[in-house]
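J.: First the structure, which I've put down as C-alpha cells, then a few questions once you've had a look.
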Amino acid sequence: MSLLSIFLFLGTFAISLIASARVKSLYRRYSQVSASSHRTGAQVAAAILERAGIRDVEIVAEEGMLGDHYDPARKRLVLSTENFQSDSVAAIGVAAHECGHALQHQQAYAPLHWRMAAVGATQFASQIVMWLPFLGLFGGFFNWHTAMGIMAAGWGVIMVFNLITLPVEFDASARAKRVLAEMGFIGSDEEMTGVRKVLDAAGWTYVAAFVTSLAYMLYYLLRSRN
C-alpha cells in the first residue's frame, strides 16, 4: 500500500468520523432540551404536511438512531422512535427536515428528482468499488489500468450523486428552519440555535461524503494514468 493511499484512507476516514461525531454529539445535547411548543416530532411532521396540503404521506416510526428519512417512492416519512415520540428541539428539527423533503417532492424540486433518478446507478457503482479490488486485482480479471479506470468511473458516479445530494439536504434544512419559526413550534432564539446546530451538523456529513468520493475518484483517475 502506497503512502498516498494510506494518507487518502486516513484523511477521508478522519473527516467522516469528525462529521459523524459532531452530529451525534449535538443531537444528544439537544435531544435533552424540550421545545416550548411541547409537540412531538410526529405531531410537528403531521402539522407541517397538513399545512402544505400533503395528505398522501404516511408518518411512521422505526427503531434506530438517526435513521430518519423521507421515502419518495413509497410516500413514507420515517422517524426514529425517539424523534417520533419526543418533543425535544432535536426531534422536531429532524422531523421538520424530513418534511422539507416531502415539500421538495410536492413542488418537483429538480435536485431531488435528479437524486432519485441516480439511485440505481449509484447502487451499482457502490458494488463495483466494493468488489472490483478483489475480482479485478486479486482475481486477475482485469489489467491494472482497466481496473483503475473502472474504479475511477465508479467513484465518479458516487461523487456526482453526493454532489446532487448537497442542495437537496441543505434546502430541506432551510425549509425546516423557516417553517418551524412560521408555525410557532420554536419559541425562542435558544431553541432555534439548537435546531440550526443539529441540522447544520447533519449537513456537514453529506459534505464529508462528497469530499471522500471526490478524493477517491481523483486518486483512481491518477493511478489509471500511471
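J.: Tell me yes or no: at least one residue of region 31-49 is loosely packed, with under 14 Cβ neighbours inside 10 Å and part of a helix (DSSP H, G or I).
T.: No, because not a single residue in region 31-49 is loosely packed, with under 14 Cβ neighbours inside 10 Å and part of a helix (DSSP H, G or I).
J.: Right, here's the next one. Would you point out which residue out of ALA52, ALA21, ALA45 is modelled with pLDDT of 95 or more and touching an Asp or Glu at 6+ places or on another chain (Cβ under 8 Å)?
T.: Only one candidate qualifies: ALA45.
J.: Name, by its number, the condition in (1) modelled with pLDDT of 95 or more; (2) among the β-branched types (Val, Ile, Thr); (3) buried (at least 19 other Cβ atoms within 10 Å of the Cβ) that does not hold for THR12.
T.: It fails just one condition, (1).
J.: For residues that are among the basic types (Lys, Arg) and touching a residue at least 40 places away in the same chain (Cβ under 8 Å), tally how many sit in region 62-120.
T.: Residues meeting the conditions: 1.
Residue by residue, here is whether (1) of a type in the set (Val, Ile, Thr); (2) touching an Asp or Glu at 6+ places or on another chain (Cβ under 6 Å); (3) open to solvent by 60 Å² or more (accessible area, probe 1.4 Å); (4) on the phi < 0 side of the Ramachandran plot holds:
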| position | (1), (2), (3), (4) |
| --- | --- |
| ALA152 | no, no, no, yes |
| LEU163 | no, no, yes, yes |
| VAL168 | yes, no, no, yes |
| ASP171 | no, no, no, yes |
| LEU180 | no, no, no, yes |
| LEU222 | no, no, yes, yes |
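J.: Among the numbered criteria (1) surrounded by fewer than 20 Cβ atoms within 10 Å (Cβ to Cβ); (2) in contact with a Leu (Cβ under 8 Å, 6 or more places away or on another chain), which one does THR193 miss?
T.: Against the list (1) surrounded by fewer than 20 Cβ atoms within 10 Å (Cβ to Cβ); (2) in contact with a Leu (Cβ under 8 Å, 6 or more places away or on another chain), THR193 comes up short only on (2).
J.: Taking only region 4-36 into account, find how many residues are of a type in the set (Phe, Trp, Tyr) and without any contact (Cβ under 8 Å) to a residue 24 or more places away in the chain.
T.: 3
J.: Let me confirm something: among VAL211, VAL198, which residue is crowded, with 20+ Cβ neighbours inside 10 Å, in a helix (DSSP H, G or I) and in contact (Cβ under 8 Å) with a residue 24 or more places away in the chain?
T.: Testing whether each residue is crowded, with 20+ Cβ neighbours inside 10 Å, in a helix (DSSP H, G or I) and in contact (Cβ under 8 Å) with a residue 24 or more places away in the chain leaves just VAL198.
J.: Quick check on region 55-66: of everything there that is on the phi < 0 side of the Ramachandran plot and of a type outside the set (Val, Ile, Thr), which residue is modelled with the lowest pLDDT?
T.: Just the residues of region 55-66 that are on the phi < 0 side of the Ramachandran plot, to begin with: 55-63, 65.
From what's left, of a type outside the set (Val, Ile, Thr): 55-56, 58, 61-63, 65.
Values: ARG55: 95, ASP56: 95, GLU58: 97, ALA61: 96, GLU62: 93, GLU63: 90, MET65: 77.
By that ranking, first place goes to MET65.
J.: Here's a follow-up. Would you confirm whether or not region 165-183 contains a residue that is at pLDDT 95 or above and over 30 Å from ALA46 (Cβ atoms)?
T.: No, that holds for no residue.
J.: Okay, moving on. Out of region 53-104, which residues are open to solvent by 30 Å² or more (accessible area, probe 1.4 Å), among the small types (Gly, Ala, Ser) and assigned to a loop (DSSP other than H, G, I, E, B)?
T.: Answer for region 53-104, where residues must be open to solvent by 30 Å² or more (accessible area, probe 1.4 Å), among the small types (Gly, Ala, Ser) and assigned to a loop (DSSP other than H, G, I, E, B): GLY53, GLY64, GLY67, ALA73.
J.: Okay, next question. Just one of (1) open to solvent by 60 Å² or more (accessible area, probe 1.4 Å); (2) assigned to a loop (DSSP other than H, G, I, E, B); (3) more than 20 Å from ALA172 (Cβ to Cβ) trips up GLN123, so point out which.
T.: Result: GLN123 fails condition (2) only.
The values are calculated or read from the model by the stated rules, or taken from the named source; none is laboratory data. Keep in mind it's a predicted model, so treat the numbers as computed, not measured. Cβ atoms come from the backbone with ideal geometry, glycine included; neighbour counts cover every protein chain shown. Surface accessibility is based on the protein's heavy atoms, side chains included, excluding ligands, DNA and RNA. Shrake-Rupley method; radii C 1.70, N 1.55, O 1.52, S 1.80 Å.
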